[in-house]
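> Take this structure first; my questions come after.
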Amino acid sequence: MPTTIPMLDLSAQIDAHFDEFQAALSNVLRSGRFILGPEVEAFERECAEYLGVAHAIGLASGTDALVIGLRGLGVGPGDEVITSPFTFFATGEAIRSVGATPIFADIEPDTFCLSAASVEPLITPRTRAIVPVHLFGHAADLAALERLAQARGLAMLEDAAQAFGSVTRARKIGASAGGAAFSFFPSKNLGAFGDGGLLTTQSDEVAKTARLLRAHGQVDRYRHAALGYTARLDELQAAVLRIKLRHIDRWNAQRRAVAALYTERLSRVSGIVTPIERAAGEHVYHQYTLRVLDDRRDALQKSLQEDGVTSVVYYPVPLHQIPLFEKGPGKLPEADRAAREVLSLPIWPELDHTHVHRVCDAIERGLKAAR
Ligand SMILES: *Cc1c(COP(=O)(O)O)cnc(C)c1O
């Protein structure tokens with residue numbers, strides 16, 4: 001029995017750059033500076049340049065970037081924030097954490113991202129912001145959402161946790177006026193060796209607030225202007241991320257090559273739907289996510305497991321079905337259907353293409369057996 005193919009294997013990347021990582025980490029240890037030093041500063045500068053954005057602020061996690069980004073935009077108690085229900089818990093959690101109410105709009109069936117058409121009818125006088133999620137690495141429809149936000153006087157904060165490096169309309173995601181939240185959780189496309197995050201923004205004011213809030217609202221020693229957080233990216237993680245940033249375009253291209261092979265093998269297999277890319281460069285395949293039709297998803301997943309192939313359901317419960325959040329006024333049929341049908345397959349930049357064939361063979365076998 002061949003070994004089981006995992007969802008993700010970081011070892012190839014660590015092995016390939018081990019000496020570089022070790023040298024960079026040693027430098028930080030010898031410097032004795034662990035919080036807000038030269039590595040974080042350099043990483044922020046390099047990220048701002050890479051993403052084409054005025055400000056990049058290193059934070060302790062993607063969730064902190066969402067929370068601090070929302071507060072920077074002035075979102076607080078009594079406000080409504082329209083977002084996608086088909087996302088990781090943290091998107092809704094962050095909105096709730098600042099005292100606002102998440103209002104869930106439905107998703108586009110082809111990209112799984114927030115649908116601008118379903119946002120519009122949910123806007124009320126209390127709506128303050130829109131939070132689109134670039135889910136699985138596919139850029140949300142920023143053009144339509146930005147137009148809507150502008151027309152209705154709303155702020156927009158991108159949840160870009162899964163999509164570092166994705167490009168839409170010839171610009172990187174993460175460069176919208178309000179801001180964007182990135183996560184460097186180890187499994188993300190750009191991942192640290194621990195937790196980390198980044199807030200980007202074009203606004204000097206949002207950037208200033210974010211820098212205050214990440215360090216206890218401290219203006220200078222013992223002068224505090226707001227209740228903030230302990231939410232800084234640390235020097236060790238920044239040193240690692242600086243090395244990885246230099247390779248992110250190649251790694252995303254490798255992910256896209258893996259995805260292209262999956263799609264070539266699977267797009268004509270009946271009973272499943274392969275992911276689409278709306279325009280070239282919009283998808284950086286944080287996940288390669290199929291739809292499995294006719295209620296056969298769970299059976300297929302079980303058969304894959306027996307065949308030595310790991311797969312994961314991101315996400316089995318949309319946020320509007322979690323009792324911590326409100327159900328909202330409308331029905332969300334596309335989010336509910338996605339939760340029943342999606343199945344994510346193993347993907348990482350160095351995933352061997354013979355393994356991709358093994359996964360595809362197992363899917364074909366599994367679908368035949370589940371018929
Ligand atoms: C990972 C993730 C987050 C949270 O990032 P952390 O760094 O784990 O706090 C937020 N939103 C989405 C969509 C994510 O995938």
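> Given the condition assigned by TED's automatic domain parsing to the domain that holds residue 61 and within 20 Å of the chain's Cα centre (by Cα), answer yes or no: does some residue in the range 210-223 qualify?
Yes: the range 210-223 contains one or more residues that are assigned by TED's automatic domain parsing to the domain that holds residue 61 and within 20 Å of the chain's Cα centre (by Cα).
Matching residues to (1) assigned by TED's automatic domain parsing to the domain that holds residue 241; (2) closer than 30 Å to residue 274 by Cα; (3) among the aliphatic types (A, V, I, L, M):
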site: 61; (1), (2), (3): yes, no, no
site: 65; (1), (2), (3): yes, no, yes
site: 71; (1), (2), (3): yes, no, no
site: 89; (1), (2), (3): yes, yes, no
site: 137; (1), (2), (3): yes, yes, no
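> What's the number of the condition residue 93 fails, among (1) of a type outside the set (A, V, I, L, M, F, W, C); (2) away from the ligand (no atom under 16 Å from the Cβ); (3) surrounded by fewer than 19 Cβ atoms within 10 Å (Cβ to Cβ)?
Only one criterion is unmet by residue 93, namely (2).
> For the structure I just gave you, tell me whether residue 83 is within 24 Å of residue 351 (Cβ to Cβ) and either without any contact (Cβ under 8 Å) to a residue 24 or more places away in the chain or hydroxyl-bearing (Ser, Thr, Tyr) (or both).
For residue 83, the condition - within 24 Å of residue 351 (Cβ to Cβ) and either without any contact (Cβ under 8 Å) to a residue 24 or more places away in the chain or hydroxyl-bearing (Ser, Thr, Tyr) (or both) - is not met.
> Is it the case that residue 103 is touching a Leu at 6+ places or on another chain (Cβ under 6 Å), closer than 29 Å to residue 246 by Cα and in contact (Cβ under 8 Å) with a residue 40 or more places away in the chain?
When the stated conditions are applied, residue 103 does not pass them.
> Within the range 22-38, work out how many residues are open to solvent by less than 30 Å² (accessible area, probe 1.4 Å) and assigned to a loop (DSSP other than H, G, I, E, B).
Matching residues across the range 22-38 total 1.
> Please pick out the residue among 326, 364 that is at pLDDT below 95 and not basic (Lys, Arg).
326
> Then there's this: Count, please, the residues in the range 205-230 that happen to be under 14 Å from residue 98 (Cβ atoms), assigned to a loop (DSSP other than H, G, I, E, B) and either of a type in the set (D, E, K, R) or touching a Lys or Arg at 6+ places or on another chain (Cβ under 8 Å) (or both).
Of the residues in that region, 2 qualify.
> Related question: Report whether or not residue 201 is open to solvent by 10 Å² or more (accessible area, probe 1.4 Å), away from the ligand (no atom under 16 Å from the Cβ) and of a type in the set (Ser, Thr, Tyr).
Criteria not met by residue 201.
> Counting only residues that are open to solvent by 20 Å² or more (accessible area, probe 1.4 Å), within 16 Å of the ligand (Cβ to nearest atom) and either over 17 Å from the mean Cα position of the chain (by Cα) or among the small types (Gly, Ala, Ser) (or both), how many does the range 39-65 have?
2
> Only one of 153, 194 is more than 16 Å from the ligand (Cβ to nearest atom) and part of a loop (DSSP other than H, G, I, E, B); which?
After applying the criteria, what remains is 153.
> Now, a different point. Inspect all residues belonging to the range 166-182 and state whether any of them is assigned to a helix (DSSP H, G or I), more than 15 Å from the ligand (Cβ to nearest atom) and not assigned by TED's automatic domain parsing to the domain that holds residue 343.
no
> Would the range 128-140 turn up any residue that is more than 15 Å from the ligand (Cβ to nearest atom), assigned to a loop (DSSP other than H, G, I, E, B) and at pLDDT 95 or above?
no
> Another question about this same structure. State yes or no: is residue 68 at pLDDT 95 or above, touching a Leu at 6+ places or on another chain (Cβ under 6 Å), within 16 Å of the ligand (Cβ to nearest atom) and more than 18 Å from residue 243 (Cα to Cα)?
The answer is yes for residue 68.
The values are calculated or read from the model by the stated rules, or taken from the named source; none is laboratory data. This structure is a prediction, so every number in the text was calculated from the model and none was measured. When we count neighbours, we look across all protein chains shown, and the Cβ atoms used for this are built from the backbone with ideal geometry, even at glycine. Remember, those area values only see protein heavy atoms, side chains included, never the ligands or the DNA or RNA. Shrake-Rupley method; radii C 1.70, N 1.55, O 1.52, S 1.80 Å.
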